[in-house]
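Scroll down for the structure; my scribbles are underneath it.
No lab work stands behind these numbers, since they all come straight from the coordinates. Quick caveat, the model's predicted, so the values are computed rather than measured.
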Amino acid sequence: MTAALEEFTEWRNSVEIRLCTLESASDRHAVKISDQGGHIVSMDEDLSKIQVEFRAQRAMLQALHDTQSEHITVLREHTTALAELRTGQQELRKGLTEARVGIRTIIGLLTQTNDKGEPDRDPPN
């Protein structure tokens, strides 16, 4: 029985050594896993922040698109109004030119010249 007890003691010592080795390895892995868990949580937070920023940028781009569309519409309206103004201005210039010609004709008819080509000072009654 003494031999069995010695064998059991040796076996128990070897098991305890192996168990200590496994526990220390397990502790090291637990530390690594908890560090990685922290990294995973940090990465998850970063992804959430990136998604929020992406949504904000997408909203800004949509707002910019809407604003550009409105500005293009207003610009087209202004271009049309400007074309109408130019057309009106050309018609006004044409009318003023015709009025000048008419006024000169009237002045010419009102101003009579004598035989020498000089203006007559006393128009006939």
Margin query: Rg and Dmax in Å for the range 1-53, alpha carbons only: what are they?
Written below: 22.5, 76
Notebook entry, point to check: Given the rule -39500 (n - 2.57) for each run of at least 4 DSSP H residues, summed and divided by the residues of the chain, what is its mean residue ellipticity at 222 nm, to the nearest 500 deg cm²/dmol?
Noted result: -33500 deg cm²/dmol
Next item on the list: Can you tell me the equivalent ellipsoid semi-axes for the chain? Use √(5λ) from the Cα gyration tensor, largest first, whole Å.
Entry: 116, 11, 7
Notebook entry, point to check: Helix 2-110 sits at what angle to the longest principal axis of the chain, using alpha carbons and giving 0 to 90 degrees rounded to 10?
Noted result: 0 degrees
Margin query: Between A99, A59, A83, where does the largest GNM mean-square fluctuation fall for the chain, given springs only between Cα atoms within less than 10 Å?
Written below: A99
Notebook entry, point to check: What residue among S14, S42, S26 has the largest mean-square fluctuation in a Gaussian network model of the chain, using Cα springs under 10 Å?
Noted result: S14
